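Take a look at the structure below.
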Amino acid sequence: MPYWRLASFYFFYFGSLGALVPYWGLYLQDRGFSAQAIGQLVAVLMGTKIVAPNLWGWLADHLGTRMPIVRLASALSALSFLAIFTTDGFLEMALVMVLFSFFWNASLPQMEAVTFSHLGERVSRYASIRLWGSIGFILSVSLLGFALQRLDTGVVPLVVLTLYSGIWLSSLLIPEGPQRRSTQASPSILWLIRHPEIQAFLASGLMMQLSHGAYYAFYSIYLNEAGYGSFGVGALWAWAVVVEVVVFLAMHRLLESYGARPVLLVSFALAVLRWLLIGGFVDQILVQILAQALHAATFGAFHAAAIHLAYHYFPGRTQGRGQALYNSLSFGVGGALGALISGQLWETAGPTATFAVSAATAAVGWLLAWRWVDRQGRY
């Protein structure tokens, strides 16, 4: 298994996320965009995940190859991002963000399928590779936060472009995953998604990411306005992912010992707590440290368990489209709706009420998972 080559892709991919998610809102704010406009632009970033993963996933499943698609999408995301440096105004920014995120969001679901192909029967070891993405995120968010104490936010797109280039270069080194042919015909993906259990799984993923909308779009702005400064903002984001790495190191044992269902349910419960702590106690640094530690559950543990379930729910040639469907509905539809809703609420109801809505959304996700997802504990 090409462990380090796979790890390098995750390192650069989530490193770019570490530059975009915490600091893109601050960059847009410095460019003069309002809270509502920032919410809409972040929704654009998330919204391309609705179309891109499914389109590219369909192509990969029909061609029977994934790495050429990953390499092409990675190259085009870096090239199209160059247009950021010449944009001016909301419409131009939205169009450029649609373009580069359409290609950027295409590569990860296919890489997930390639990684599982290389893992074979050792699917519970996924987290040991994925943790390098968390390490990339930590380094990116920490170093950029430190740099922003001395430089303006104009450095953010330069860092993102560098990391996008790293994604492309790392993709050139990764071989296609081995073809594991089954003696049984793969079911139709349309037949699979008619099952209430799979529908509930996809809907619960959507609710989890919808609950993250205010966090991704406005948490850095919220902290900055509370007086934390760029270094404090970066430190809190980095701390969240440090704890996430610890959880990733233990995820294969958790999944093997308890299964995915308990991990999902605990993650949703802790998400409710996390959003209430963030929304109600932004001025309490110890509370924010605790709330950020819960990122290990609301993103890390949840994502590892959800990817594990998607692998089992979508077998054979449906794997690429299944992973893409999960990504597009959760991070795409859920993330876009969360950003749009939080953008509206932030200016009208305020941050505390916005995060309270996030907590209620996570509670709905818990109910969906508790009622339908893997009640027999098969996975």
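Numbers below:
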| read-out | value |
| --- | --- |
| Qualifying residue in segment 26-49 (condition: assigned to a loop (DSSP other than H, G, I, E, B) and small (Gly, Ala, Ser)) | yes |
| Filter result (part of a helix (DSSP H, G or I) and either farther than 24 Å from ALA353 by Cβ or not polar (S, T, N, Q) (or both)) within segment 294-307 | HIS295, ALA296, ALA297, PHE299, GLY300, ALA301, PHE302, HIS303, ALA304, ALA305, ALA306, ILE307 |
| Residues that are within 30 Å of PRO315 (Cβ to Cβ) and among the small types (Gly, Ala, Ser), drawn from segment 71-124 | ALA73, SER74, SER77, SER101, ALA106, SER107, ALA113, SER117, GLY120, SER124 |
| Residue in segment 308-318 that is within 18 Å of ARG261 (Cα to Cα) and not in a helix (DSSP H, G or I) present | yes |
| Residues (modelled with pLDDT under 95, more than 24 Å from VAL70 (Cα to Cα) and charged (D, E, K, R)) located in segment 166-212 | ARG194 |
| Filtered residues of segment 338-379 (kept if charged (D, E, K, R) and over 18 Å from ILE38 (Cα atoms)) | ARG371, ASP374, ARG375, ARG378 |
| Residues within segment 58-79 that are assigned to a helix (DSSP H, G or I), more than 16 Å from ASN105 (Cβ to Cβ) and touching a residue at least 24 places away in the same chain (Cβ under 8 Å), tallied | 2 |
| Odd one out for ARG5 among (1) under 21 Å from GLN209 (Cβ atoms); (2) surrounded by fewer than 19 Cβ atoms within 10 Å (Cβ to Cβ); (3) charged (D, E, K, R) | (1) |
| Residue match in segment 80-103 (condition: assigned to a helix (DSSP H, G or I), modelled with pLDDT of 95 or more, in contact with a helix residue (DSSP H, G or I) (Cβ under 6 Å, 6 or more places away or on another chain) and among the polar types (S, T, N, Q)) | yes |
| The listed residue being more than 23 Å from TRP366 (Cα to Cα), exposed (fewer than 14 other Cβ atoms within 10 Å of the Cβ), over 18 Å from the mean Cα position of the chain (by Cα) and of a type in the set (Ser, Thr, Tyr), out of SER170, SER188 | SER188 |
| Some residue of segment 274-297 being buried (at least 24 other Cβ atoms within 10 Å of the Cβ) and closer than 15 Å to SER204 by Cβ | no |
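The values are calculated or read from the model by the stated rules, or taken from the named source; none is laboratory data. Quantities reported herein were computed from a predicted structural model and do not represent experimental measurements. FYI the Cβ positions are ideal-geometry reconstructions off the backbone, even for glycines, and counts take in every protein chain you see.
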